[in-house]
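Heads up: the structure comes next, in structure tokens.
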Amino acid sequence: MGLIKALTSSVGTVFSDQWKEYFYCDSIDNDTLVVKGQKRTNGNNKGQDNIITNGSAIAVNEGQCMIIVDDGKVVELCAETGVFTYDTSSEPSIFAGSLGQSILNSFKTMGKRITFGGDVAHDQRVYYFNTKEILGNKYGTANPVPFRVVDKNIGLDIDIAIRCNGEYSYKIVDPIIFYTNVCGNVTESYDKGQLEGQLKSELLTSLQPAFAKISEMGVRYSAITAHTEDLANALNEVLSEKWGAKRGINIVEVGVNTLKASEEDEKMIKELQSRAVLRDPGMAAATLTGAQAEAMVSAAKNESTGPMMAFAGMNMASMAGGMNANNLYAMSAAQQQAQQQAAPQAAPQAAPQAAGWTCSCGKTGNTGKFCEECGKPQPAPQAAGWTCSCGAVNQGKFCAECGAKKPAGAPLYKCDKCGWTPEDPMNPPKFCPECGDPFDDADIQ
């Protein structure tokens, strides 16, 4: 048995005379999850209601998934739109459409179930599943849900209680699992109200571990409404075993209408955050200065004891407190100076030296043994010192080879590129320390 997709051009012509029945499903509303297929006969009103005649047509619309059940076992599945021919001579087939690989795996595990074709000993039914997103499922916490508030900036890590409500949506992603474990052989239809209470209870139970995952991300409870996608992913991760593997449905979106902690918890968090700001001496000094300014204004308006007594009391309170704004400002300045001194100083960058050697033709940057411009070989590096008449290069005043005295007219060296002159003009280094140019005959003055 199998399904063969009928050509659009053939509908209503050749096959119309052969199809004994036509199974279809009207538009499925948002509250209906599964509905039994309607049977339209071609002048044959004596056929069995739960028997599919060989050669019958089965239509599948957008947002639907059709399955054929034979004696309570799923033998065919199709989530692709179109009209299909029921053929008992074909092998079992499946058109997964957009439902994914999980449908293929579930169908393969069912095996081939049909053996009698269209025999009346069978109970054969066609069911249509609503594969659209099921919207408008409300939830709300009857009791507060614990939520961990973590603020690494101030070292805050406390548990508070929050209440929330909103709506969520889900989608049937594996009709075979849903049929097998949830709805079964329904007479007419299966509505979401039959499942809503159980799903809502399990979702509320899973809110606590889902909120824990959101808290680990460092999200404040007041910002959860901006992370509904993360909340939906966290709920799906928690409920994947219960809803996905056991019922074949997944959460699509979770909307949060209101999410609020108790007034006591909100007040506590704000106070802790305000106090943490005062750890900075500069902020503490500014706060103290503002408080003193307000106190001075209030003291000036005091008519019962007089302004002088009020100011005296304010000074006594300031002295008893052991802290004043000037000291705090000084502490803040000292901290900033220490931070600046502790910051690593950028090391001065050395001037880049020219790479390669310079040929007598003027070509610079040669890296090989021959000039890239004229082909002349790279000159041998000149040894520092003076050259004796015997050919030896010497550093001292006498030749180390023959003992001859250094001539008074020994050549003087000066860099022909930048003009740098060595301390001993007659004994230059191999390369100019200013521009990197090698000393050669062109540098002799």
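Against the list (1) more than 60 Å from the chain's Cα centre (by Cα); (2) closer than 25 Å to residue 359 by Cβ; (3) modelled with pLDDT of 75 or more, the condition residue 412 fails is (3). For the stretch 157-168, the set of residues classified as open to solvent by 20 Å² or more (accessible area, probe 1.4 Å) and at pLDDT 85 or above consists of 163, 165, 167, listed by residue number. In summary, residue 154 fulfils each of the numbered conditions (1) modelled with pLDDT of 85 or more; (2) part of a loop (DSSP other than H, G, I, E, B); (3) in contact with a helix residue (DSSP H, G or I) (Cβ under 7 Å, 6 or more places away or on another chain) with the single exception of condition (1). One residue stands out among those in the stretch 210-245 that are of a type in the set (Ser, Thr, Tyr) and open to solvent by 50 Å² or more (accessible area, probe 1.4 Å): the one that is nearest to residue 192 (Cα to Cα), which is 240.
Scan 421, 358, 367 and give me the residue that is open to solvent by 90 Å² or more (accessible area, probe 1.4 Å) and modelled with pLDDT of 70 or more.
367
Which of the residues belonging to the stretch 246-274 are over 20 Å from residue 196 (Cβ atoms) and open to solvent by less than 80 Å² (accessible area, probe 1.4 Å)? Matches in the stretch 246-274: 258, 259, 261, 262, 265, 266, 268, 269, 271, 272, 273, 274.
To keep it simple, each residue is scored yes or no on (1) open to solvent by less than 60 Å² (accessible area, probe 1.4 Å); (2) more than 15 Å from residue 126 (Cβ to Cβ); (3) modelled with pLDDT under 85; (4) touching a helix residue (DSSP H, G or I) at 6+ places or on another chain (Cβ under 8 Å).
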site	(1), (2), (3), (4)
6	yes, yes, yes, yes
21	yes, no, yes, no
29	no, yes, no, no
54	no, no, yes, no
58	yes, no, no, no
61	no, no, no, no
81	yes, yes, no, no
84	yes, no, no, no
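Which condition breaks for residue 129 when tested against (1) surrounded by 14 or more Cβ atoms within 10 Å (Cβ to Cβ); (2) modelled with pLDDT of 90 or more; (3) out of contact with any Leu (no Cβ under 8 Å at 6 or more places or on another chain)? All conditions pass for residue 129, except number (3). Answer yes or no: is there a residue in the stretch 155-176 that is free of Cβ contacts under 8 Å to residues at least 60 places away in the same chain, of a type outside the set (A, V, I, L, M, F, W, C) and touching a Cys at 6+ places or on another chain (Cβ under 9 Å). No, the conditions are met nowhere in the stretch 155-176.
Pick from the stretch 169-206 the residues that are in a strand (DSSP E or B) and either modelled with pLDDT under 90 or open to solvent by 10 Å² or more (accessible area, probe 1.4 Å) (or both): which of them is nearest to residue 254 (Cα to Cα)?
171
Is there a residue being closer than 30 Å to residue 66 by Cα and either modelled with pLDDT of 85 or more or outside any helix (DSSP H, G or I) (or both) anywhere in the stretch 223-234?
Of all residues in the stretch 223-234, those closer than 30 Å to residue 66 by Cα come to 232-233.
Checking the rest, the ones that are also either modelled with pLDDT of 85 or more or outside any helix (DSSP H, G or I) (or both) come to none.
Checked against the condition, which is being closer than 30 Å to residue 66 by Cα and either modelled with pLDDT of 85 or more or outside any helix (DSSP H, G or I) (or both), the stretch 223-234 yields no hits at all.
The values are calculated or read from the model by the stated rules, or taken from the named source; none is laboratory data. Quantities reported herein were computed from a predicted structural model and do not represent experimental measurements. Counting neighbours? That spans all protein chains shown, and the Cβs are built from the backbone with ideal geometry, glycine included. Ligands, DNA and RNA are stripped out before the accessible areas are found, and what is left, the full protein with its side chains, is counted by its heavy atoms. Shrake-Rupley method; radii C 1.70, N 1.55, O 1.52, S 1.80 Å.
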